[in-house]
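The values are calculated or read from the model by the stated rules, or taken from the named source; none is laboratory data. Worth saying up front: this structure is predicted, and the values here are computed from it rather than measured. All Cβ positions, even for glycine, are placed from backbone atoms using ideal geometry, and neighbour counts span all protein chains on display. When the accessible area is computed, the model is the full protein with side chains, heavy atoms only, and any ligands, DNA or RNA have been set aside. Shrake-Rupley method; radii C 1.70, N 1.55, O 1.52, S 1.80 Å.
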Amino acid sequence: MQISKGVEWAAHACAVLAPLWPDRGLSLAALAEFHGVPAPYMAKQMQALAQAGIVKGGRGRSGFYALAKAPAEITLLDILKAIDGDEPMFRCTEIRQNGPCGSKPEDCRLPCSIAAGFARAEAAYRDSLARVDLVTLNRSVAAQLGLDKIMSAGAWVAENLRSRQ
């Protein structure tokens with residue numbers, strides 16, 4: 001399993017916006033600059049987050065982005081689904097019915113054990129992501145960063161802050 005760069009960038013953007021909720025945010029240009037990523041690609045992720053109801057705002061490089069709901073209500077699973085969609089990662093194609101020793105369709109009434117194993121693993125993975133909200137995530141990030149980094153990031157954000165008007 002590989003998580004796309006878009007999910008990573010969207011999660012980082014949401015983590016930066018979380019302490020600014022409910023009435024403050026950052027421009028697309030500021031979010032892209034803060035993370036050192038191309039603004040057009042960050043725009044794509046922010047648009048997907050907006051369509052999913054995770055952020056609101058937008059409208060070009062100077063558009064205002066803020067979380068659309070409380071950070072405690074936004075999970076890593078929400079972000080993953082907003083960017084990569086909600087389709088199952090594994091799709092059984094009933095390969096057990098192919099080839100010279102393939103099973104007959106009537107012998108395949110129960111789910112394939114391989115498909116069932118992948119489904120259990122994906123459910124565990126999604127359950128794990130659903131337990132990490134932005135408040136929990138930011139506590140963990142803050143615990144890993146030193147005070148100097150937190151102060152530096154806070155000062156940068158304060159310089160680029162926008163208020164909802």
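How much net charge surrounds G36 when only the other residues with a Cβ under 13 Å from the Cβ of G36 are counted, with Lys and Arg +1 and Asp and Glu -1?
Computed value for this residue: -1.
Identify the chymotrypsin sites (Phe, Trp or Tyr not before Pro) of the range 93-157 meeting these criteria: DSSP loop state and at most 13 other C-beta atoms within 10 Å of the C-beta.
Passing sites in the range 93-157 do not exist.
So, with +1 on the Cβ of K and R and -1 on the Cβ of D and E, and no other charges, what is the size of the charge dipole of the range 1-119 about its Cα centre, to the nearest 20 debye?
It works out to roughly 260 debye.
For the range 66-147, what % of the accessible area comes from carbon and sulfur atoms, probe 1.4 Å?
Taking all protein chains in place, the range 66-147 shows 57 percent carbon and sulfur surface.
Per residue, how much accessible area does the chain have with a 1.4 Å probe, in Å²?
On the way: 10170 Å² over 165 residues.
Value returned for the chain: 62 Å² of accessible area per residue.
³J(HN,Hα) across the range 29-43 via Karplus (A = 6.51, B = -1.76, C = 1.60, θ = phi - 60°), whole Hz, x for Gly/Pro?
My calculation for the range 29-43 gives 4, 5, 4, 5, 5, 4, 9, x, 10, x, 4, x, 6, 5, 4 Hz in order.
Cβ under 13 Å from P105's Cβ, P105 left aside: what net charge do those residues give with Lys, Arg +1 and Asp, Glu -1?
0
Which of S27, S128, S113 moves the most in a Gaussian network model of the chain with Cα springs under 10 Å?
Greatest mean-square fluctuation among the candidates belongs to S113.
Check which residues have an amide H placed less than 5 Å from Y65's amide H, if you skip close sequence neighbours.
Amide H neighbours of Y65, under 5 Å, 5+ apart: L26, S27, L28, G58.
Got a sec to turn the phi values of the range 7-12 into Karplus ³J(HN,Hα) couplings, 6.51 cos²θ - 1.76 cosθ + 1.60 with θ = phi - 60°, whole Hz, x for Gly and Pro?
Per residue, the Karplus-derived 3J(HN,Hα) values read 5, 4, 5, 5, 5, 5 Hz.
Nearest 0.05, what FRET efficiency do A143 and I95 give at R0 = 41 Å with Cβ-Cβ as r?
It comes out at approximately 0.35.
Net charge within 12 Å of A115 by Cβ-Cβ distance, Lys/Arg positive one each and Asp/Glu negative one each, not counting A115 itself?
Working: positive: R91, R96, R120; negative: E94, E122.
Here the charged neighbours net out to +1.
Per-residue HN-Hα couplings for the range 108-115, Karplus 6.51 cos²θ - 1.76 cosθ + 1.60 at θ = phi - 60°, whole Hz, x for Gly and Pro?
Per-residue couplings from phi come out as 10, 6, 7, x, 4, 4, 5, 4 Hz.
With each run of n ≥ 4 DSSP H residues scored as -39500 (n - 2.57), what mean residue ellipticity at 222 nm is computed for the chain after dividing by its residue count and rounding to the nearest 500 deg cm²/dmol?
Estimated from H runs of four or more residues: -16500 deg cm²/dmol.
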